[in-house]
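S.K.: I'd like to ask you about the structure that follows.
The values are calculated or read from the model by the stated rules, or taken from the named source; none is laboratory data. None of these values were measured; they are calculated from a predicted model. Note: ideal-geometry Cβ built from the backbone for every residue, glycine included; neighbour counts use all protein chains shown.
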């Protein structure tokens, strides 16, 4: 027999757990210099609630000798496993090695990096001194043309087509490559962010 307050504890653990998972998933693609403060707060609240629920479950189990007394604790464990799986999947998406990288030409207190990976995914990092936003997707490359799966990313990417071009330098032995955003006719888009291709 399941006690009424057992159902209440299940509800509490589900609400706290789902809110915590929602919070951490929502911040996966964003970072801020003071993120650790709310992160620690959410983590501590979740752990404290789980410990209180577990202690209460164990108390009722000793009285009732009913394994259903641990349903709230089991719910918390299952939510923790789901959260771990989500983090693992996210880590796997972000673990492919780089094929090449480009960086914005103008860098002061902010800038942009784009990592083009060997599994045909990219990660665009729009950073400032206070934090960063991350955007991921897929790309293909043919000759010197890079085609992205999106045509607009955070007002930085305004075309899904990029072109790699060699630049003239003072030293003829030194090659410098830039990446420009182009329209469907192959013309460079004026005012669009352009990048240096990092040597790797």
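S.K.: Taking the criterion of being outside the structural domain of residue 141 (by TED's automatic domain parsing), at negative phi, surrounded by 15 or more Cβ atoms within 10 Å (Cβ to Cβ) and touching a helix residue (DSSP H, G or I) at 6+ places or on another chain (Cβ under 8 Å), would at least one residue in the range 86-108 satisfy it?
M.R.: Checked against the condition, which is being outside the structural domain of residue 141 (by TED's automatic domain parsing), at negative phi, surrounded by 15 or more Cβ atoms within 10 Å (Cβ to Cβ) and touching a helix residue (DSSP H, G or I) at 6+ places or on another chain (Cβ under 8 Å), the range 86-108 yields no hits at all.
S.K.: Which one is farthest from residue 56 (Cα to Cα), of the residues in the range 1-27 that are surrounded by 13 or more Cβ atoms within 10 Å (Cβ to Cβ) and under 13 Å from the mean Cα position of the chain (by Cα)?
M.R.: Looking at the filtered set, the residue picked out is 27.
S.K.: Here are 67, 112, 53: which of them is touching a helix residue (DSSP H, G or I) at 6+ places or on another chain (Cβ under 8 Å) and surrounded by 15 or more Cβ atoms within 10 Å (Cβ to Cβ)?
M.R.: 53
S.K.: Name the helices (runs of 4 or more DSSP H) wholly inside the range 1-103 in which the number of residues that are touching a residue at least 40 places away in the same chain (Cβ under 8 Å) and under 30 Å from residue 128 (Cα atoms) is 3 or more. Break it down stepwise before answering.
M.R.: Details: elements: 4-26, 36-64, 71-93.
Correct list: 4-26, 71-93.
S.K.: State the number of residues belonging to the range 137-147 that are part of a loop (DSSP other than H, G, I, E, B) and either at pLDDT 95 or above or within 18 Å of residue 193 (Cα to Cα) (or both).
M.R.: Within the range 137-147, residues that are part of a loop (DSSP other than H, G, I, E, B) and either at pLDDT 95 or above or within 18 Å of residue 193 (Cα to Cα) (or both) number 1.
S.K.: Residues to consider are 150, 123; find the one that is modelled with pLDDT under 95, in a strand (DSSP E or B) and either surrounded by fewer than 17 Cβ atoms within 10 Å (Cβ to Cβ) or in contact with a strand residue (DSSP E or B) (Cβ under 8 Å, 6 or more places away or on another chain) (or both).
M.R.: 123
S.K.: Further question: Taking the stated definitions as given, is residue 77 surrounded by 13 or more Cβ atoms within 10 Å (Cβ to Cβ), closer than 17 Å to residue 9 by Cα and at pLDDT 90 or above?
M.R.: yes
S.K.: List the residue pairs whose Cβ atoms are under 7 Å apart, where the first residue sits in the range 160-174 and is modelled with pLDDT under 65, the second is surrounded by 10 or more Cβ atoms within 10 Å (Cβ to Cβ) and assigned to a strand (DSSP E or B), and the two are 6 or more positions apart or on different chains.
M.R.: From residues that are modelled with pLDDT under 65, the pairs are 169/176.
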